[in-house]
Amino acid sequence: MNCLDGFSSGGDFLLIFVKLILPMMKNENTNPTPAWILFEKKSELAFLNLQQRLTDMKVGVPLETLNAALVLIQSDLQVLDNSFAELADLSDSFRIVFFKQIRPKFVALWLFYLERYHLILGKPLGTKEAIRSFYELELRQLDFFLKRYGFYYSYFRSGMSQADHLYFLPDLKTVSLTPELPVSTGMSRTVCDYLYARFIACELITKYVLAQLNDLDKPDTPLALVNLPKKKKIQTQFNLSVDQLGMVARAALDASLVKGKSFQSLCEELAPLVVTSSGQTSVSAGSLRSNAYTGEDIDKHILIRSLEKMIRLIKEY
């Protein structure tokens, strides 16, 4: 009796081999988890690097600045999509993470810089009151959008996941839930990934608008002081943003590196002396103070990386 006697024919054995044994061999030799973990880490580093390059980008004519930003973002988004496409046999849970958490962050930057460009062009040249009304209208429009999609925004903010298989898998033939088509081809791949990008972009724009309103609150120079001789002000440029400078000042005070000062007085003394990485010379004490409590993870990452570099240098002295 040979090993094929249990099957009616060699063809039956081959069929069983293809249906049962071959998939087992394939699963044994192909494990997508390590590749996914590596992809996820590289994607996060790529996003942090993209944010830093956008921060370091030279500010020029608004349209040139916009084009430069969109080129950077579009290029990185294409690399991200190509890298994801090379991952084979991913489970639905991994694909959901990509379309729910990873990809929308890149698309949100694209939307943010586009909307910021329109705000810069649309800003009125009139009084502070006119400028304030302009920005307050923008905040109302953002609030209207978020309320219109309140259920999905609550789903986004709370980290819910019950319907992820309906919202973030690209194989479903369902129309997008956003009120308009994506502003660029390739921006949307699932039912809700573009909507999530819109939510992230709305929060970025809200933060930008609030910063502009905060700048309006800075006191004007009294007319009587315009012609008085001014003491030369020495400013130092830091390779940090306003958010990052605010967190440094707050940490220095909390760590008792600065003695006998309130955080308010510390910000008032530092603000006139610093220039940000983008070349901003008119940093207000209010922005330093408020931004110290609203820093993003990217800001913390950049500060920690800078401090680690300083530690290495100190050890070498």
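Coordinate-derived values only; no laboratory data. Predicted model only: the values in this text are computed from it and were never measured. Quick reminder, even Gly has a Cβ in these numbers, built from the backbone with ideal geometry, and neighbours come from all protein chains shown.
Below, the figures for the structure above:
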| item | result |
| --- | --- |
| Label-to-label distance, nm, for residues given as residue 301 and residue 74 (7 Å Cα→Cβ offset) | 2.4 |
| Net charge of neighbours whose Cβ lies under 10 Å from the Cβ of residue 102, counting Lys and Arg as +1 and Asp and Glu as -1 | 0 |
| Extent along principal axes [Cα atoms of region 28-216; Å; largest to smallest] | 69, 37, 26 |
| Spacing of the two label points (7 Å from each Cα toward its C-beta) at residue 210 and residue 44, in nm | 2.5 |
| Cβ-based charge dipole, region 232-316, positive-most Cα from 272, 287, 241 | 272 |
| Potential extension, residue 129-residue 85 segment - 0.36 nm per residue separation minus Cα distance | 10.8 nm |
| Projected label distance in nm at residue 258 and residue 316, using a 7 Å step from Cα toward the beta-carbon | 2.9 |
| Binned Cα-Cα distances of region 37-89, short to long, each 10 Å bin given as a whole percent | 22, 45, 23, 9, 1 |
| Placed amide H near residue 240: partners under 5 Å, 5+ positions off or other chain | 277 |
| Cα-based reach from residue 309 at 19 Å (exclusive), listing aspartates and glutamates while leaving out same-chain residues under 8 positions away | 56, 297, 299 |
| Computed lengthening from residue 120 to residue 144, 0.36 nm per intervening residue step minus Cα-Cα distance | 6.5 nm |
| Per-residue HN-Hα couplings for region 92-109 [Karplus 6.51, -1.76, 1.60; θ = phi - 60°; Hz; x = Gly/Pro] | 4, 5, 5, 5, 5, 4, 4, 7, 9, 10, 7, 5, x, 5, 5, 5, 4, 5 |
| Cut-off 18 Å (backbone N to label point 7 Å along Cα→Cβ of residue 238), residues of region 49-86 | 52, 55-56 |
| Whole-Hz ³J(HN,Hα) from phi, Karplus 6.51 cos²θ - 1.76 cosθ + 1.60, for region 112-118, glycine and proline x | 4, 5, 5, 5, 4, 4, 5 |
